[in-house]
Amino acid sequence: MISKCLLIVSIILLISIWVFTGMKYAGLPDIIPTHFDAQGNINGYDHKKMIWVAPSISTFVFLILVGVTRNPNSPMVHVPDGFRNKKSIQIFAYSILIPFLLLMGDTVVESVWVAEEKIRTLSNMIFVFLGLLFIALGFNIFIMLKKSRNEKLER
């Protein structure tokens, strides 16, 4: 049940990234900011078609993480044996996917706002979403290590 909810939220986020980008694309100037430093200041420009890179990367990562959940016994999935079940793999993949999509979505939204001159620099929300991504990764790695340790003790 929880994995299905996480997947639905991920699908909504991915669709939202594409819809927002599509709605804003025509109104963007031909040259837009495409790279920012750690303080959120612009340090690179490119053609507005580059705004499609973030939704494309988001879709690629989405497809990879959803695809991994289809076969928990795949050699591409390197997790402890106790974690090799569809439910665990789905929760792992989808719990990482949500903060990743939030990060990519925020990047697109704020990049568009900078291009439209509504804001001058990126906000710190990118760091919040990046932190959430690392927390999700860390929590999942902790659970995997704990299950792996329990497996070794049972043998």
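The values are calculated or read from the model by the stated rules, or taken from the named source; none is laboratory data. Values in this document were obtained by computation on a predicted structure and should not be read as measured data. Cβ: placed from backbone, ideal geometry, glycine included. Neighbour counts: every protein chain shown. Just so you know, the surface numbers come from the protein's heavy atoms only, side chains and all, with ligands and any DNA or RNA stripped out. Shrake-Rupley method; radii C 1.70, N 1.55, O 1.52, S 1.80 Å.
Values computed for the structure shown
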| quantity | calculated |
| --- | --- |
| Failed item in (1) in a helix (DSSP H, G or I); (2) touching a Ser or Thr at 6+ places or on another chain (Cβ under 8 Å); (3) open to solvent by less than 40 Å² (accessible area, probe 1.4 Å); (4) not β-branched (V, I, T), with M144 passing the rest | (2) |
| Conditions (1) in contact with a Phe, Trp or Tyr (Cβ under 8 Å, 6 or more places away or on another chain); (2) at pLDDT below 95; (3) open to solvent by less than 50 Å² (accessible area, probe 1.4 Å); (4) not acidic (D, E): number failed by S88 | (1) |
| Of all residues in the range 31-83 being hydroxyl-bearing (S, T, Y) and either at pLDDT 90 or above or part of a helix (DSSP H, G or I) (or both), the one that is nearest to the chain's Cα centre (by Cα) | S58 |
| Filter pass, M76 being without any contact (Cβ under 8 Å) to a residue 60 or more places away in the chain, surrounded by fewer than 19 Cβ atoms within 10 Å (Cβ to Cβ), touching a strand residue (DSSP E or B) at 6+ places or on another chain (Cβ under 7 Å) and aliphatic (A, V, I, L, M) | no |
| Of residues in the range 1-56 being touching a residue at least 12 places away in the same chain (Cβ under 8 Å) and acidic (D, E), the one least open to solvent (accessible area, probe 1.4 Å) | D46 |
| Count of the range 132-155 residues which are small (G, A, S) and in contact with a helix residue (DSSP H, G or I) (Cβ under 6 Å, 6 or more places away or on another chain) | 1 |
